[in-house]
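Here the structure comes first, spelled out in structure tokens, and everything after it is commentary.
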Amino acid sequence: MKHFFYKYQGTGNDFVMIDNRLGAFERHNTDLIAHLCNRRTGVGADGLILLETDLDYDFRMVYYNADGKESTMCGNGGRCIVAFANFLGIIEKNSEFIAIDGPHLARIDDAYVELKMQDVSSISSNDNYHVLDTGSPHYVALQSGLQAIDMNTEGSKIRHTAPFDAGGVNVNFAEKINEDTFAIRTYERGVEGETLSCGTGATAVAIAMFHSGQTPSKSIALETQGGVLKVRFEPHSSSYSDVWLCGPTKQVFKGDLQW
């Protein structure tokens, strides 16, 4: 079979993007999706995203990790699919779409996408780390000497150790640069390795750093390995609302898939 695809990236987090409004793609073929995400034998990506029709929203986002399994929300993927929908003429400047974690508002201006994330209702804080769900579950810890860390080794240890080994967790280490800027690195479950950027991870780090008193800012810059993301939010006594993930997107190339 043949199917047309596009490749998008947002601060280095890259995705195979497919317009599946006609339903022609084999969306339950795990092996196929994993093959397409393989960087040696396929297109190569951190994940694959289908843009599908939804009667109540501009479109539906269906996200798969690089292992071929449908997964929880992907923030950078959400930003990239907004750019894709704009490219296809489905939306103009503003959008409301549906993903696995519910509806999302978004705005796009010259490939810069602002995506409204779900509210964060609770944070579990320990002596050395925080755990919270920003559409996907995240472990967040402060770490000095961030660039010297073997992220694949250290991230894998946490991801595969109780109590996180059952469902898996994404692992983020952060280092404070200044009052409202943090450098971050992320190990993603499903990819089973470090990615250059993670949108839900950046969101988790921003909120965790505010929650733990590392910053008084409600608008935080996150320096990922692939570029800078910005997260803003409104804090409440035990929750966070009006959470926005913002950053650039780029269409990298397009072509025909054959399988």
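FYI, it's all coordinate maths here, none of it is from the lab. Not measured: the values here are computed from a predicted model. Methodologically, a virtual Cβ is constructed for each residue, glycine included, from the backbone with ideal geometry; neighbour enumeration extends over all protein chains shown.
General remarks:
- The three principal axes of the C-alpha atoms in region 56-159 carry coordinate ranges of 46, 29, 28 Å, sorted with the longest axis first.
- Here the extension length gained between Asp150 and Trp259 equals 35.7 nm, from 0.36 nm per residue of separation less the Cα-Cα distance.
- Pairs with C-alpha atoms separated by more than 30 Å, drawn from the list Lys69/Lys116; Lys2/Lys250; Lys93/Lys157; Lys2/Lys157, are Lys93/Lys157; Lys2/Lys157.
- Taking every DSSP helix (H) stretch of at least 4 residues in the chain, weighting each as -39,500 (n - 2.57) and dividing the sum by the residue count yields a mean residue ellipticity at 222 nm of -5000 deg cm²/dmol.
- Calculated over region 143-209: convex hull of Cα atoms, volume per residue (Å³): 88 Å³
- Per-residue HN-Hα couplings for region 131-137 [Karplus 6.51, -1.76, 1.60; θ = phi - 60°; Hz; x = Gly/Pro]: 10, 8, 10, 10, x, 9, x
- Taking amide H atoms as placed 1.01 Å from N in the peptide plane, the amide H of Met117 lies under 5 Å from those of Val243, Trp244, Leu245, each 5 or more residues away in sequence or on another chain.
- Karplus (6.51, -1.76, 1.60) ³J(HN,Hα), θ = phi - 60°, over region 247-259, in Hz, Gly and Pro reported as x: x, x, 9, 8, 7, 8, 6, 9, x, 9, 8, 10, 8
- Neighbour cut-off at most 14 other Cβ (10 Å), DSSP loop, trypsin sites (Lys or Arg not before Pro), region 14-86: Arg39, Arg40, Lys69
- Extension reserve of the Ala24-Asn128 stretch, reckoned as 0.36 nm per residue once the Cα distance is removed: 32.7 nm
- Point-to-point label distance, Glu192-His3, nm (Cα→Cβ direction, 7 Å offset): 2.3 nm
- A simple rule links phi to the HN-Hα coupling: the Karplus curve 6.51 cos²θ - 1.76 cosθ + 1.60 with θ = phi - 60°, which for region 94-111 gives 10, 8, 9, 10, 10, 10, 4, 9, x, x, 9, 8, 8, 9, 10, 9, 6, 6 Hz, with x for Gly and Pro.
- Among the GluC sites (Glu not before Pro) found in region 1-104, those both in a DSSP coil and sparsely packed, with 10 or fewer other Cβ atoms within 10 Å of their Cβ, are Glu92.
- Each 5 Å bin, from zero up to the one with the longest distance, holds this percent of the alpha carbon pairs of region 103-259: 2, 9, 19, 22, 20, 14, 9, 3, 2, 1, 0.
- Efficiency of FRET from Cβ geometry, Asp242 and Asp109, R₀ 22 Å, rounded to 0.05: 0.70
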